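Asker: Sending over a structure as structure tokens; questions will come in a sec.
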Amino acid sequence: MPIRPATPGALRLATCLAATLALLAPALITAEPAHASAKRVRLGSAADVSRGSWSGPAHTMNGSGGVVPATMTRAIDAIRGGTGTLDVVVIAASAPGSGSTTPECDTVMGLAGVNSCTTWTLTTRDDGNNSAANTDIRNAEFVYFAGGDQCDYADWKGTTLQTSVKSVVTKGGGSGGGSAGHHINSTVVYDACGGSVTSDEALYDPYDPAITFTTGMFAWPNYAGTINDSHFVTRDRMGRTMAFVARAIEDGLTTGGAAWGVGVDDGGSLFIDKNGRATAAGADTFVVLGDHRPERADPDRYLTYYDYKIWRLRPGQTYDFKNRPTCGYYLRSIVSGVPDRNLYSGTPVTNCG
């Protein structure tokens, strides 16, 4: 059958259809739902270490996001008992803003005793149930939570990831983190899901809507009753930690009518061994104990709390979280939202009797 040439009307129809599809194409593309995907980057050996037992647990609590080599080395050595190598997993809820895609693992791989370091970037709650990520976590001996937003980490409560991280510590491995990763490793987590809060705001109203907590995420041996805070001196966060401690006691988030704030400054890190002994490195760490109910902690009311007990740990100094000290602190109070002067220094009490 002979092929007939297209009529002018048909050509006009085809041209219109092509133009319409060209206009619709971007809309069709953007209408496609975006699916976040977990991303994995592994450095070092492709095979995990296989070993019957480990010598931890050990933890590192860092004031800013990066790995601190001094305390990470101590944790690695403690967990492996000084022999052999181990595997590390870094968990991040977002990719770094610039530079290397694996900044924590870049540092870790320069340390002795490391077989591999795997970075998992998990951006949704569902990623907490990612089977490949959880396999890597369970096979690791140390899990490090990167900096970012601790609300993203708190969202993984109840997922497989929470159970997997716990299993690493239970087998004698360890966990830690910096900034947001430091927050998530305490018993009571200031999760910042309602936004960030300043010291002034927290002292003026300890029930400010931005002060929200997550409990039941992790409870590490010897670290009960703690509320971590980061960038401590640099961002003047003593006041808000005092408010967090008062809230935890008032709301019954800790047991025994006491709570311990643990504030680590930028560049600082706290190494905690299996016996609960913590050693400061890099910059100062502050332990802030509230051991009674606040004199006043109510919504829309200034906080009043007398005699917080504060230990200032300079690099190299220690604090025993298993046998909590009853001496060596200085005292500071908050009265009607106004803190005492010199919150970050004081003469330690020595006659504690």
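The values are calculated or read from the model by the stated rules, or taken from the named source; none is laboratory data. Note that the structure is predicted; figures quoted are calculated from it, not measured. All Cβ positions, even for glycine, are placed from backbone atoms using ideal geometry, and neighbour counts span all protein chains on display. Each accessible area value is taken on the protein alone, full model and side chains, heavy atoms only, with ligands, DNA and RNA left out. Shrake-Rupley method; radii C 1.70, N 1.55, O 1.52, S 1.80 Å.
Asker: Of the DSSP beta bridges with both residues in the stretch 177-301, give the percent that are antiparallel, rounding to the nearest 5. Numbers along the way, then the final one.
Answerer: On the way: 13 of 17 bridges.
So the antiparallel bridges in the stretch 177-301 amount to around 75 percent.
Asker: Further question on the same structure: Which one, L313, P325, T255, is farthest towards the positive end of the dipole of the stretch 243-328 when Lys and Arg carry +1 and Asp and Glu -1 on their Cβ?
Answerer: P325
Asker: Magnitude of the Cβ-charge dipole of the chain, K/R +1 and D/E -1, about the Cα centre, nearest 20 debye?
Answerer: Computed charge dipole of the chain: roughly 760 debye.
Asker: Ok, one more. Can you list residues from other chains, or at least 5 along the same chain, whose modelled amide H is less than 5 Å from the amide H of F145?
Answerer: Amide H to amide H, under 5 Å and 5 or more residues apart or across chains, F145 pairs with I91, G176, G177, G178.
Asker: Plugging the Kirkwood radius over Cα pairs into Stokes-Einstein for the stretch 180-300, at a temperature of 20 °C and a viscosity of 1.002 mPa s, what D comes out in µm²/s?
Answerer: Working: Rh = 14.3 Å.
D, rounded to a whole number, is 150 µm²/s.
Asker: Using just the helices of the chain, give the 222 nm mean residue ellipticity in deg cm²/dmol: DSSP H runs with n ≥ 4 each add -39,500 (n - 2.57), and the total is spread over all residues, rounded to 500.
Answerer: -7500 deg cm²/dmol
Asker: Of C193, C105, C327, which has the largest mean-square fluctuation in a 10 Å C-alpha GNM of the chain?
Answerer: Result for the chain, Cα springs under 10 Å: C327 fluctuates most.
Asker: Moving on. When ligands, DNA and RNA are left out and all protein chains stay put, how many square angstrom of accessible area per residue does the stretch 185-265 have with a 1.4 Å probe?
Answerer: 31
Asker: Which order do you get for V89, V233 if you rank them by accessible area with a 1.4 Å probe, largest at the top?
Answerer: Largest accessible area first, the residues go V233, V89.
Asker: Rounded to the nearest percent, how much of the accessible area of the stretch 193-244 (1.4 Å probe, protein heavy atoms only) is carbon and sulfur?
Answerer: That share works out to 52 percent.
Asker: From the backbone phi of the stretch 226-240, what are the Karplus-calculated ³J(HN,Hα) couplings (6.51 cos²θ - 1.76 cosθ + 1.60, θ = phi - 60°) in whole Hz, Gly and Pro given as x?
Answerer: Each residue's phi maps through the Karplus curve to give 9, 10, 7, 9, 10, 6, 5, 6, 3, 9, 6, 9, 4, x, 6 Hz.
Asker: Ignoring solvent entirely, what values of log10 I(q)/I(0) come out of the Debye formula for the stretch 87-213 at 0.17, 0.23 Å⁻¹ when each Cα is a single scatterer?
Answerer: -0.87, -1.39
Asker: Right, next: Which shape class, rounded, prolate or oblate, goes with the chain when its Cα gyration tensor gives a ≥ b ≥ c as root eigenvalues, a/c under 1.5 marks rounded, and past that a/b bigger than b/c marks prolate?
Answerer: oblate
Asker: If the reach is capped at under 16 angstrom between alpha carbons, list the aspartates and glutamates near K322, excluding any in the same chain fewer than eight residues apart.
Answerer: D273
Asker: Check cross-link reach from K157 to the lysines: straight Cα distance under 22 Å, and skip same-chain residues fewer than eight apart.
Answerer: K39, K166, K171
Asker: What accessible surface, in Å², does a 1.4 Å probe find on T347, ignoring ligands, DNA and RNA and rounding to the nearest 10?
Answerer: 120
Asker: If you line up the long axis of helix 8-31 against the longest principal axis of the chain, both from Cα atoms, how many degrees apart are they, to the nearest 10?
Answerer: 10
Asker: Based on DSSP, what percent of beta bridges with both residues in the chain are antiparallel, to the nearest 5?
Answerer: 60
Asker: Nearest 5 is fine: what % of DSSP beta bridges in the stretch 29-172 come out antiparallel, could you say?
Answerer: Details: 6 of 17 bridges.
Antiparallel: roughly 35 percent of the beta bridges in the stretch 29-172.
Asker: Report, in whole Å, the centroid distance computed from the Cα atoms of the stretch 177-220 and the stretch 65-83.
Answerer: 26
Asker: Turning to a different aspect of this structure: Using each residue's phi in the stretch 186-202, evaluate 6.51 cos²θ - 1.76 cosθ + 1.60 at θ = phi - 60° and report the 3J(HN,Hα) Karplus result to the nearest Hz, with x for Gly and Pro.
Answerer: 9, 5, 9, 9, 6, 8, 6, 5, x, x, 7, 10, 8, 4, 4, 5, 5
Asker: Counting only residues 5 or more places away or on other chains, whose amide H sits under 5 Å from the amide H of K157 once H atoms are built in the peptide plane?
Answerer: Here the answer is none, since no amide H 5 or more places off falls under 5 Å of that of K157.
Asker: Something else: Calculated FRET efficiency, R42 and S131, Cβ-Cβ r, R0 25 Å, to nearest 0.05?
Answerer: Efficiency at R0 = 25 Å is approximately 0.95.
Asker: Which of H183, H292, H59 moves most in a GNM of the chain, Cα contacts under 10 Å?
Answerer: Per the Cα network of the chain with a 10 Å cutoff, H292 tops the list.
Asker: Which order do you get for S53, S186 if you rank them by accessible area with a 1.4 Å probe, largest at the top?
Answerer: Numbers: S53 75, S186 0 Å².
Correct descending sequence by accessible area is S53, S186.
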